[in-house]
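Structure record follows, encoded as structure tokens.
The values are calculated or read from the model by the stated rules, or taken from the named source; none is laboratory data. Treat the numbers as computed from the prediction; the structure is a model and nothing was measured. Note that each Cβ is placed from the backbone with ideal geometry, even for glycine, and that neighbours are counted across all protein chains shown. Just so you know, the surface numbers come from the protein's heavy atoms only, side chains and all, with ligands and any DNA or RNA stripped out. Shrake-Rupley method; radii C 1.70, N 1.55, O 1.52, S 1.80 Å.
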Amino acid sequence: LAVALGFIAINAAVGALRYAGVTEVIPVHMQLTAVSVGWMMPLYLAAALRLWGLLPGSVWGLWLVLALLPAVSALPGLLRDAMLVLALLRLIQQTPVRLSLTLALALLLAVPLINLLPLPADAALGLFHLLLAGHFYAVYRVVPVLSAPRLAS
């Protein structure tokens, strides 16, 4: 979980440099983004499912394979996105802090809706990043609550 979220944070920092005008980082940011979307987002939610989802190992393994399949094949990213939504729904089902995870899911689902808004490219990109940041912040707020029973036992 920490590795996936750390990688995503590094990508966000490089992206901040890119949008601050450091054009030399554009190729690096593009590569980091591809890895973040294809691998790190599924791995981040796979780790969360493993830690808190209470799934049998075979179900978790199947989820992981389906979530990573678009990264290694020509399958559309829609499969990955559906698996991410299913993971968040499972986490919402299993947690006592449903409101925060429901907010995290809503923010993540709002990301593709940006394309429907009549916004300039820079505003759309800014909103995209604010929604993702809100998603990760909502998940961050839940981690201590979800981890507490494990730490106590």
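Some values worked out for this structure:
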read-out: Nearest 10 degrees, 0 to 90: helix 77-94 Cα axis against the chain principal axis; value: 40 degrees
read-out: Efficiency of FRET between Val35 and Ser58 - r from beta-carbon atoms, R0 25 angstrom, step 0.05; value: 0.40
read-out: The chain: radius of gyration and largest Cα-Cα distance (Dmax), Å; value: 16.1, 51
read-out: Rounded to 10°, Cα long-axis angle of helix 2-19 versus longest principal axis of the chain; value: 20 degrees
read-out: Whole-angstrom Cα spans of segment 42-124 along principal axes, big to small; value: 45, 36, 14
read-out: Per residue convex hull volume, Cα atoms of segment 1-75, in Å³; value: 82 Å³
read-out: Heavy-atom accessible area per residue - the chain, 1.4 Å, Å²; value: 58 Å²
read-out: P(r) of segment 92-153 over all Cα-Cα pairs, binned every 5 Å from zero, in whole percent; value: 4, 19, 23, 17, 13, 10, 7, 5, 2, 1, 0
read-out: Relative contact order computed over the chain (Cα-Cα under 8 Å; 6+ residues apart), in percent; value: 17 percent
read-out: Candidate residues Trp60, Trp39: accessible-area rank, largest first, probe 1.4 Å; value: Trp39, Trp60
read-out: Accessible area of Leu79 in the full protein assembly, 1.4 Å probe (Å², nearest 10); value: 50 Å²
read-out: Segment 2-114 - percent of accessible surface contributed by carbon and sulfur, probe 1.4 Å; value: 77 percent
